[in-house]
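What follows is a set of notes on a single structure, which appears directly below.
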Amino acid sequence: MNSRENVDVLLVEDSEYDAEMALMSLVDNKVSNNNLWVKDGEQALEYLFGSDQAEGTISKKWPKLILLDIKMPKVNGLQVLEAIRTDERTKHIPVVMLTSSKESRDLAMSYDLGVNSYIVKPVEFDRFEKAVSEIGHYWLSLNQPRV
């Protein structure tokens, strides 16, 4: 994985099926063609904060949106969110939890750590595709990011 690669959407998802559906939705609905999928929180942290990203580096172009699952091996989504929100360089990137978890503890912890939105993944393909498309459209087209 090239940590200097510039992407619009960083998808952090351990389910290959869910990742393929999300990426297909972003592309098919003309939301974004410039996406990167990483399979766990450890890979997400490496992409965002890897060794070639020295503190204070300004040449890094950050993702415009991070779609983040909670339940993942190695490093979970809450740990990734905490790292994103505590780093000055990434704390303003929109992060949307896109997860199967309906646990109130996960929901509360996500908002306590500064998630922008918490979406429970719809089970049906059409509803999942529509949800991802709407999330991407809002955060990449309608929302005015902090610059």
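For this structure, a couple of remarks:
- Hits in the range 94-129 - residues which are without any contact (Cβ under 8 Å) to a residue 40 or more places away in the chain and among the basic types (Lys, Arg): Lys102, Arg105, Arg127
- Note on the range 100-114: residues that are open to solvent by 70 Å² or more (accessible area, probe 1.4 Å) and not in a helix (DSSP H, G or I) amount to 3.
- Complete set of residues in the range 102-121 that are in contact with a Lys or Arg (Cβ under 8 Å, 6 or more places away or on another chain) and either over 19 Å from Ala83 (Cβ atoms) or not small (Gly, Ala, Ser) (or both): Leu113, Val120
- Every condition in (1) assigned to a loop (DSSP other than H, G, I, E, B); (2) open to solvent by less than 90 Å² (accessible area, probe 1.4 Å); (3) free of Cβ contacts under 8 Å to residues at least 12 places away in the same chain; (4) aliphatic (A, V, I, L, M) is met by Ile70 except one, and the failing one is (3).
- Neighbours by Cβ (under 8 Å, 6+ apart or cross-chain): first from the range 30-48, of a type in the set (Gly, Ala, Ser) and modelled with pLDDT of 95 or more; second open to solvent by less than 60 Å² (accessible area, probe 1.4 Å) and part of a loop (DSSP other than H, G, I, E, B): Gly41/Met72; Gly41/Val75; Gly41/Asn76; Ala44/Val75
- Candidate set: the range 83-99, residues that are surrounded by 15 or more Cβ atoms within 10 Å (Cβ to Cβ) and among the polar types (S, T, N, Q); chosen: the one farthest from Leu45 (Cα to Cα): Thr99
- Subset of the range 73-93 [assigned to a loop (DSSP other than H, G, I, E, B) and either free of Cβ contacts under 8 Å to residues at least 12 places away in the same chain or in contact with a Leu (Cβ under 9 Å, 6 or more places away or on another chain) (or both)]: Val75, Asp87, Glu88, Arg89, Thr90, Ile93
- Of all residues in the range 17-41 being in contact with a helix residue (DSSP H, G or I) (Cβ under 8 Å, 6 or more places away or on another chain) and within 11 Å of Leu67 (Cα to Cα), the one that is surrounded by the most Cβ atoms within 10 Å (Cβ to Cβ): Ala22
- Test for Gly77: is it touching a Lys or Arg at 6+ places or on another chain (Cβ under 7 Å), open to solvent by less than 40 Å² (accessible area, probe 1.4 Å) and modelled with pLDDT of 95 or more: no
The values are calculated or read from the model by the stated rules, or taken from the named source; none is laboratory data. Owing to the predicted nature of the structure, the values given are computational and were not obtained by experimental measurement. Because the Cβ atoms are built from the backbone with ideal geometry, glycine has one as well, and the counts that use them run over all protein chains shown. When the accessible area is computed, the model is the full protein with side chains, heavy atoms only, and any ligands, DNA or RNA have been set aside. Shrake-Rupley method; radii C 1.70, N 1.55, O 1.52, S 1.80 Å.
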